[in-house]
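The values are calculated or read from the model by the stated rules, or taken from the named source; none is laboratory data. Note that the structure is predicted; figures quoted are calculated from it, not measured. Positions of Cβ are backbone-derived with ideal geometry, glycine not excepted, and every protein chain shown enters the neighbour counts.
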Amino acid sequence: MDTRFAAESQVTVTATVNGEPRTFTVPAHRTLLDALRTDLGLTGTKSSCTEGECGACTVLLDGKAVNSCLVLAAEMDGHQVTTIEEISRNGATDLQEALLDEGAVQCGFCIPGQVMSAEYLLSHNPEPTVEEIRSAMSGNLCRCASYNRIVDAILATSKKRVSTGE
Amino acid sequence: MMTYYKARALADALEMLERPDVEGRALLGGTDLLVSLAGKHDDTPRVVVDLKGIKDWGEPLVITDTGVRIGLMLTMAELAADPVVGSWYPALTEAADKVGSVAIRNRATVVGNICNASPASDSAPPLLVHEATVRIASASGQRSVPISSFFLSPRVTACARGEIVTAIELPRPVPGTGSAYRRLTRRWGIDLITVSVAAAVHGDGRVLLGLGAVAPTPLLVELPVGLDLDDRSALVQVLDEALSVATPITDIRGGAEYRSAMLRELASRAIQAALESTRRSGNGHSVRG
């Protein structure tokens, strides 16, 4: 086939974002992170290092945690994206309350990414050990160094969810 | 100027990547590619060829009686989670489970990792000691390259323009084989290795070491056959000789001297761990049906 004209500089994508079908046209180089924030107005996902080092931009792609700065928006066609806005659709979750209770939220910038990574962990490992939590969260940096408090909040949430059968 | 092309068939991807008028870059997980493209604001016409839509090759992971075939789409997380891979190639599982972070491993592919050809690749040392073969496709057909001949220089592989790596094949280890991977990083998550060593003690008596981040490419080293691995002083002497092929540099992750010292230490630890792994070797493991 002749592929000469098949490569596009503008790409139209239809993806399920937070449960709703969304169609948007973006430049080929646009990352999922930038598309979420600028094209879809979902600014809960934070932009920080933009090279997969910090985890602030973590979202769920087809249910799996990924760095949205390392995914092209063009790759999203036909896929499902879940952001912090969906997690908090009905207000602060038990995990978010636990982060507040533990004093884990200082400047707060990393928290949406922390919440996404923690929810991903708890989705496939409802009762993680401290070591498993530290390993699972090692891709999320916190410049306020609330690491121990974040671990405590995840542990508390895990215990609460398991005991209440949520 | 960047364009995006989602290939639906291998032939389409090859045709696009061969075009002389644009710089074609193959996209799998994107965890390395997007970082390298982000800094490029020049006028070079560039096409990112997304391979994830291609349907005309097999499953991400195929396990048979004779070995394992890692397909294009297999992610590090999927590789790390597979129990047969874990019992046949423990070093590979250990490496795949340590790359980057959870979010990186959910996206990064094994094939992409070797094609990126970083001297600090985590998957290369275990693939070297387990004697993997790289399958390469082009418009004119298929060819195979032993992974020990695949890495040519930093970011350069034996996969030429107009070719795509379609799979990595690993022979099933002979009974009594064990392996392990030891890596040194400055911190736990999302850091490239300062030095790493994969060791495989093969059931036929051969001992292979795969060395990461101590040369322009990952290195494969074979220790003399018949070596008594429990004789520590003999082993230290043999390692001094065998590891002299390493030519580490000084960079932000460590000095050349420090890397050399850590290389000897990690090699020794990886060999001991590989020996222990031979004792719980899963080579009698039944292939899952």
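The single condition among (1) in a strand (DSSP E or B); (2) in contact with an Asp or Glu (Cβ under 6 Å, 6 or more places away or on another chain) that B:VAL174 does not satisfy is (1).
For the range B:54-89, residues that are modelled with pLDDT under 95 and over 18 Å from the mean Cα position of the chain (by Cα) total 6.
Checking each residue in the range B:1-11 for being surrounded by 16 or more Cβ atoms within 10 Å (Cβ to Cβ) and farther than 20 Å from B:PRO60 by Cα picks out B:MET2, B:THR3, B:TYR4, B:TYR5.
Looking at the range B:1-97, the strands (runs of 3 or more DSSP E) lying wholly inside it that each contain 2 or more residues that are away from chain A (no Cβ under 14 Å) sit at B:61-64, B:67-71.
Of the residues examined, B:ALA215 is one that is more than 14 Å from the chain's Cα centre (by Cα), surrounded by fewer than 22 Cβ atoms within 10 Å (Cβ to Cβ) and either at pLDDT 95 or above or under 19 Å from B:ARG105 (Cβ atoms) (or both).
Looking at A:THR83, A:THR58, A:THR45, just one residue is facing another protein chain (nearest Cβ under 7 Å), closer than 16 Å to A:ASN18 by Cα and under 12 Å from the mean Cα position of the chain (by Cα), and that residue is A:THR58.
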